[in-house]
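The values are calculated or read from the model by the stated rules, or taken from the named source; none is laboratory data. Note that the structure is predicted; figures quoted are calculated from it, not measured. All Cβ positions, even for glycine, are placed from backbone atoms using ideal geometry, and neighbour counts span all protein chains on display. Quick note on the areas: whole protein, heavy atoms, side chains included, nothing else; ligands and nucleic acids left out. Shrake-Rupley method; radii C 1.70, N 1.55, O 1.52, S 1.80 Å.
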Amino acid sequence: MGRPDPEEGQLPAPVKPPDGGWGWIVLLGCFVITGFSYAFPKAVSVYFKELMKDFHVGYSDTAWISSIMLAMLYGTGPVCSIMVNQFGCRPVMLIGGLLASAGMILASFTTNIIELYLTAGVLTGLGMALNFQPSLIMLGTYFDKRRPLANGLAAAGSPVFLSSLSPLGQVLLEKFGWRGGFLIMGGLLLNCCTCGAVMRPLDMGMKRKMGKAQDKYEAKEMLPIGGKSEEGISTTDGTKKGKKAKKKPKKGKKLLDFSIFSNRGFIIYTISKFILVLGLFVPPILLVNYAKDTGVPDTEAAFLLSIIGFIDIFARPACGMVAGLKWVRPHVAYLFSFSMLFNGLTDICSARASNYTGLVIFCVFFGISYGMVGALQFEVLMAIVGSQKFSSAIGLVLLIEAFAVLIGPPSAGRLVDALKNYEVIFYLAGSEVVLSALFLGVASYCCLNRGKKEPPPESNPTAGAGSDTEEAESDVQEAEEHSSNNHQPAHSTDSAVVVGSEEANHVAEEQRGEGGGCPAGDGEVLARDGCNADQMVERDSF
């Protein structure tokens, strides 16, 4: 009469993010994928001078390789969302790793710049996009309470890989030439397939356990003690198969869920993110040339980017830890707004820096604020839309950001050519980032907080669960529907055997409310029907 074992008759609890365990392996895979996705397009730039010599093209022509990679990473977001919703994260990531590797390997055999655009640009960019988005989705599936920290650690892959791939690319270029370097880089990208292989669906094993326990649970309650167990189990198996066939259309998932546009928080986030991307990437792109124009030597000017990367490595995990605090996490959108404001003011205040010391100070503060933005951007989106709709939300957000990426940095370059003044560009970029911060903070306060309705009381509230709690409730409701459809009477020769559970009592109360009542009869037992345990005891006493 102790606690019932899940295998012996108690239905397992709904699947919840483990916040650890295999999730740390998923986090490691996401760290590697994020590093390749963001750092690889920048690291390829070390080969540009050799490509200019071999193909007799200009710098702007070779720069299109990195631009096409980033455009594919952002612009193919909806395509990735559709594929993930249709096939799952792991198959999409395996295909993406193969495409990314194949693109760089084929690029090592190209004979003109157009072929490089199609292989290293389109094919590799598409492969990295098919890895990047599913890895973030899986991270949100495995982590809930520790999700801000997990996002911060995964985002740290970008500066770590940038500081590693660029020197590695230079070494490969000196020893093997650009063709050998591309070939070896293609081999490195096969690690994306390894990362995709560890992205095990969280509910796969749990669904099997639930099915097993549920079969035994139903068989024990529906059968008399010691008789016709095999016949009953086969009956339950048949019922289960029929029910699966019936429920398949119900569980059909939308390829791309546009209903998220009815979420005001998502609209506010998307608009602010578009304005942010217009100016966020401009300072690091123009920083080296800006330093050279102020008289800084080439080696010291290049070292400025290393300072930003080094600070960024520590800023992202630290910001993730802060965002995960109990009193900070409910207000993570305002922390994200503060980080954008910090970044924009850094750009504006450093616009008039005229010496190397001033530029170093700018790089320190820019690295901190840039790391904060990188650690929080996807955490805020997950908190707004929930893990169930995150796959569609991130695809649509990345598509909108793609337009900003194609508008912001190229426009800044044209302004530099026209005005011959970097100071104006830094003011403009900083103003755009500050505007996005103010819009997010003010709109979130005015449109969301004032219109927020008090949530209904929950019996088992989970701190910081957000939309994951709603998913757990829907799973419980589905389990109750599953159990209510399987009610069948069974006859016992001795006495009634009742295995109590919360689901059974809940269904019993609902059926009594509908006027179902309890059927009369000696020794008649109903599995999870309208009779609760007290009524059974009272009936047997007669």
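Can you spot a residue in the stretch 285-293 that is open to solvent by less than 40 Å² (accessible area, probe 1.4 Å) and within 16 Å of ASN343 (Cβ to Cβ)?
Yes, the stretch 285-293 contains at least one residue that is open to solvent by less than 40 Å² (accessible area, probe 1.4 Å) and within 16 Å of ASN343 (Cβ to Cβ).
Identify the residue in the stretch 341-360 that is surrounded by fewer than 21 Cβ atoms within 10 Å (Cβ to Cβ) and assigned to a loop (DSSP other than H, G, I, E, B) and, among all such residues, is modelled with the highest pLDDT.
The residue in question is ASN355.
Please work out which residue is most open to solvent (accessible area, probe 1.4 Å), limiting yourself to the stretch 312-327 and to residues that are in a loop (DSSP other than H, G, I, E, B) and in contact (Cβ under 8 Å) with a residue 24 or more places away in the chain.
My answer is LYS326.
Among all residue pairs at least 6 apart or on different chains, which show Cβ distances below 7 Å where the first residue, located in the stretch 300-311, is under 15 Å from ASN355 (Cα atoms) and the second is of a type in the set (D, E, K, R)?
ALA301/LYS292
Here are the criteria: (1) open to solvent by 10 Å² or more (accessible area, probe 1.4 Å); (2) modelled with pLDDT of 90 or more. Tell me which single one LYS145 does not satisfy.
It is condition (2) that LYS145 fails.
Picking from SER81, SER67, which residue would you name as being surrounded by 22 or more Cβ atoms within 10 Å (Cβ to Cβ), on the phi < 0 side of the Ramachandran plot and either at pLDDT below 85 or of a type in the set (Gly, Ala, Ser) (or both)?
Of SER81, SER67, the one residue that is surrounded by 22 or more Cβ atoms within 10 Å (Cβ to Cβ), on the phi < 0 side of the Ramachandran plot and either at pLDDT below 85 or of a type in the set (Gly, Ala, Ser) (or both) is SER81.
Among ALA404, ALA383, which is the only one that is open to solvent by less than 10 Å² (accessible area, probe 1.4 Å) and in the same structural domain as LEU304 (by the TED database)?
Going through ALA404, ALA383 in turn, just one is open to solvent by less than 10 Å² (accessible area, probe 1.4 Å) and in the same structural domain as LEU304 (by the TED database): ALA404.
In this structure, is PHE338 hydrophobic (A, V, I, L, M, F, W, C) and either in contact with a Pro (Cβ under 8 Å, 6 or more places away or on another chain) or open to solvent by less than 70 Å² (accessible area, probe 1.4 Å) (or both)?
no
For VAL277, indicate whether it is of a type in the set (A, V, I, L, M, F, W, C) and assigned to a helix (DSSP H, G or I).
So VAL277 fits the description; yes.
Given the structure, is MET210 surrounded by fewer than 18 Cβ atoms within 10 Å (Cβ to Cβ) and at pLDDT below 90?
Spelling it out, it is not the case that MET210 is surrounded by fewer than 18 Cβ atoms within 10 Å (Cβ to Cβ) and at pLDDT below 90.
Scan GLY75, GLY58 and give me the residue that is buried (at least 21 other Cβ atoms within 10 Å of the Cβ) and either among the aromatic types (Phe, Trp, Tyr) or in the same structural domain as THR194 (by the TED database) (or both).
GLY75
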